[in-house]
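The structure appears right after this line, and notes come after that.
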Amino acid sequence: MEVQREPQCPVYRKCGGCQLQNLSYERQLQWKQDRCRKLLGQFGKIEPILGMEHPYHYRNKVQAAFAWDKRGGKIISGVYQSGTHWVVPVDSCLTEDKKADEIIVSVRKLLKAFKLRPYDEDTGRGLLRHVLVKRGFGTGELMVVLVTGTPVFTAKRHFVEELLKLHPEITTIVQNVNDTRTSMVLGRRESTLYGPGYITDILCGCKFRISPRSFYQINPVQTELLYGKAMEYAELSGTEKVLDAYCGIGTIGLVAAKSGAGSVLGVELNRDAVKDAITNARENGVKNIYFTCADAGEFMADAAIEGEHFDTVFLDPPRAGASEEFLGALCSLAPKKAVYISCNPETLARDLRFLQANHYKVQKIQPVDMFPHTQHIELVCLLSRL
């Protein structure tokens, strides 16, 4: 088995995004399996990690920062060097969708042609801060989001026309305005410059509407495996009352609703995501799912006080894991099963210790390689109430 190798990416050492690219893919999977076993082996058997057949160009969402290279006297675009705000120039990335990378290079060339400047973080002047491209792998639809530091966009119409000439496959273009000194990519204001302002994609047999600020899994190939395993663990028989906490645009909940749940309630704090979730349910003709805009932990705590009952809870928290308040509310609600989807084995271990101390037993743990060449690991874990 090949272990070490020379990284294929020329900016591997500067970028820091693909920490494991110096290992063969087989060795990367072994490293991740060992890490899961070390962090989570105390809870039971760790199933063999599910890897990718073709672990390249899997990212359906690509974002690039734009800057002015004072030394070279030119516009550059790429990624922030790990832990800094220095932009590492990148034209193509082994993990990103090829078409998205091509579009970003075209935008950079058009900036020069239109004599437009990238945003300067120090002075707060300039136009373009970031470009975000989202692609529906199932539909081929393409969204381009131009993140500007000001709403004033000179020659906006002509810029869009030229970009569409270069890439007629683009289905929508959105201008997002982020005029605050922040590390956040997207601002709150946006206007549609071309197309409907969103794209759709197909995942696990469901159609999803994706807007610029929607959360949507980045690797659709592995997401199918991940969600398939989550449904297998849930063993839905047609009668279960299901809660989808952190539901986002309704991906997990809709898959559960079509996979045998009696009814599903999705809870999400982001109002834009809830609107997309309601639209997604309607577009898919799913009538046994409902959504509410609320903090999932507070909702569960109130539901427990009111004596509401759920058979199964799906939870897919951010990298920081679930808060102790959330986990306490989950235990108070006392569902028979909890299916925990995690993107961080360290916080998962912490949360499992809490749940194990509060009448839950870990039944199964399945790692999935959602982000090849990086240290990130996605897992799905089944817990049952004692």
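Values for this structure:
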quantity	calculated
Odd one out for Thr171, checked against (1) surrounded by fewer than 17 Cβ atoms within 10 Å (Cβ to Cβ); (2) without any contact (Cβ under 8 Å) to a residue 40 or more places away in the chain; (3) under 26 Å from the mean Cα position of the chain (by Cα)	(1)
Residue in region 204-241 that is nearest to Pro55 (Cα to Cα), counting only those that are in contact with a helix residue (DSSP H, G or I) (Cβ under 8 Å, 6 or more places away or on another chain) and among the aliphatic types (A, V, I, L, M)	Ala230
Candidates Gly266, Gly253, filtered to the one that is under 20 Å from the mean Cα position of the chain (by Cα), at pLDDT 95 or above and assigned to a strand (DSSP E or B)	Gly266
Residue in region 367-380 that is on the phi > 0 side of the Ramachandran plot, buried (at least 23 other Cβ atoms within 10 Å of the Cβ) and at pLDDT below 95 present	yes
Any chance Asn270 is touching a helix residue (DSSP H, G or I) at 6+ places or on another chain (Cβ under 7 Å) and polar (S, T, N, Q)	no
Residue that is farthest from the chain's Cα centre (by Cα) [pool: residues in region 85-138 that are surrounded by 15 or more Cβ atoms within 10 Å (Cβ to Cβ), among the β-branched types (Val, Ile, Thr) and part of a loop (DSSP other than H, G, I, E, B)]	Val90
Hits in region 140-159 - residues which are in contact with a strand residue (DSSP E or B) (Cβ under 8 Å, 6 or more places away or on another chain), at pLDDT 95 or above and either part of a loop (DSSP other than H, G, I, E, B) or among the aromatic types (Phe, Trp, Tyr) (or both)	Glu141
In region 317-343, the residues that are over 15 Å from Met300 (Cα atoms) and either polar (S, T, N, Q) or at pLDDT 95 or above (or both)	Val339, Tyr340, Ile341, Ser342
Members of region 160-199 that are part of a loop (DSSP other than H, G, I, E, B) and within 14 Å of His130 (Cβ to Cβ)	Asn178, Asp179, Thr180, Thr182, Ser183, Met184, Val185, Leu186, Gly187
Given (1) modelled with pLDDT under 95; (2) of a type in the set (A, V, I, L, M); (3) farther than 21 Å from Cys15 by Cα; (4) touching a helix residue (DSSP H, G or I) at 6+ places or on another chain (Cβ under 7 Å), number of the condition Leu127 does not satisfy	(4)
So Pro212, is it at pLDDT below 95 and either crowded, with 20+ Cβ neighbours inside 10 Å or outside the structural domain of Arg129 (by TED's automatic domain parsing) (or both)	yes
Cβ-Cβ under 6 Å pairs, at least 6 apart or on other chains, region 295-310 side farther than 12 Å from Cys331 by Cα, far side surrounded by 14 or more Cβ atoms within 10 Å (Cβ to Cβ) and of a type in the set (Gly, Ala, Ser)	Ala296/Ala245
Identity of the residue in region 304-341, of a type in the set (Gly, Ala, Ser) and buried (at least 19 other Cβ atoms within 10 Å of the Cβ), that ends up nearest to Thr239 (Cα to Cα)	Ala338
The listed residue being under 21 Å from Arg209 (Cα atoms) and either in contact with an Asp or Glu (Cβ under 9 Å, 6 or more places away or on another chain) or assigned by TED's automatic domain parsing to the domain that holds Gln375 (or both), out of Gly266, Gly321, Gly262, Gly328	Gly266
Lys361 of a type in the set (Lys, Arg) and in a strand (DSSP E or B)	yes
Of the criteria (1) in a helix (DSSP H, G or I); (2) surrounded by fewer than 18 Cβ atoms within 10 Å (Cβ to Cβ); (3) charged (D, E, K, R), which one Lys287 fails	(1)
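Okay, residues lined up against (1) in a helix (DSSP H, G or I); (2) under 24 Å from Arg213 (Cα atoms):
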position	(1), (2)
Cys18	no, no
Cys36	yes, no
Gln42	yes, no
Pro48	no, no
Met52	no, no
His57	no, yes
Arg71	no, no
Ile76	no, no
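The values are calculated or read from the model by the stated rules, or taken from the named source; none is laboratory data. Because the structure is predicted, anything quoted here is derived from the model rather than measured. Cβ coordinates were reconstructed from backbone atoms using ideal geometry, including for glycine residues, and neighbour counts include every protein chain displayed.
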